[in-house]
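The next block holds one structure in the form of structure tokens; read it before the comments.
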Amino acid sequence: MTKFTDAWGFSKLDVYRTCPQKFKFQFIDKLPSPGSPAMDRGSRMHENIEFYLNGWSSKLIPENKNWKDALDALKLKDFKAEQALGFDSSWSKLPNWFSKSTWLRVKMDASYKEDTNGKAIDFKSGKYRVPSTEQVELYAIGLHAANPELEKVSAEFWFLDTGEIYEKTYTAEQLLKLRSKYEKYVAPIYADETWKPTPSNECRWCSYSKTKGGKCVF
């Protein structure tokens, strides 16, 4: 029987809920999964913004130029770009997210604090779509757990191609209460030993499916 012993994060929770077997193939067996032109494009856009925010480059690629004013305003704040946060199972922040006791990993494209308020920002390429509730909440929970003095935290999603922004704000009390929900959400991941497939329409795009030459029987 194979059990999962690594840290979890939004993408792992999302994959497990879609199909436990896909989770095993991807995060335990670590079978390769091919990328796509859209994923490659998104990575270039994210990397360009990271370089621009950190002052490693003074130029924005054409896909990001419409966000220059917003990015310049962000540069004036005490921001952090590509912040990778690791927490143990008691939600305590660790020195880095590769510590042996890391239970949760949260990585945000940018974040900053202003007085007792905090903001976590995620850059998204492609068409506008309302972000997953879990992704929104985990950004806010992670920033608050790393900075427990914050009274309010906002999770903000910048849709680079459409120019739209999605934002949701939480109080510290709300974020503390939400923690128990995620403890329940991830408990099955650490208890699972069978990793049964759950076939659905998602199989059409899964690189591990039988139709794509993968190991899955579906």
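Key figures for this structure:
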item: Cα lying deepest toward the dipole's positive end in the chain, options Ala38, Ala145, Tyr128, charges on Cβ; result: Ala38
item: Pairwise label distance in nanometres, Glu193 with Ser33, each label 7 Å out on the Cα-Cβ vector; result: 2.6
item: Segment Lys212-Asn54, length gained on full extension (0.36 nm per residue, minus Cα span); result: 52.9 nm
item: Helix 37-53 axis, angle to the chain major axis (alpha carbon atoms, nearest 10°); result: 30
item: Within region 89-158, GluC sites (Glu not before Pro) in DSSP loop having at most 16 other beta-carbon neighbours inside 10 Å; result: Glu149, Glu151
item: Dipole magnitude (debye, nearest 20) for the chain, charges at Cβ of Lys, Arg, Asp, Glu; result: 860
item: Heavy-atom accessible surface of region 84-218: percent carbon and sulfur, 1.4 Å; result: 51
item: Rounded tilt (10° steps) of 172-191 against the dominant C-alpha axis of the chain; result: 20
item: Modelled FRET efficiency - R0 30 Å, Glu202 with Lys168, Cβ distances, 0.05 increments; result: 0.70
item: Computed helical MRE - 222 nm, the chain, DSSP H runs ≥ 4 contributing -39500 (n - 2.57), nearest 500; result: -10500 deg cm²/dmol
item: Accessible area expressed per residue, the chain, with surrounding protein chains retained (probe 1.4 Å, Å²); result: 56
item: Top positive-direction residue, dipole computed over region 44-199 with Cβ charges, set Pro188, Leu178, Asn96; result: Pro188
item: In region 121-209, the trypsin sites (Lys or Arg not before Pro) that fall in loop regions by DSSP, at most 14 other Cβ within 10 Å; result: Lys127, Arg129
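The values are calculated or read from the model by the stated rules, or taken from the named source; none is laboratory data. These numbers were taken from a predicted model, which means no experiment stands behind them. Counting neighbours? That spans all protein chains shown, and the Cβs are built from the backbone with ideal geometry, glycine included. Keep in mind that these areas ignore ligands, DNA and RNA; they rest on the heavy atoms of the full protein, side chains included. Shrake-Rupley method; radii C 1.70, N 1.55, O 1.52, S 1.80 Å.
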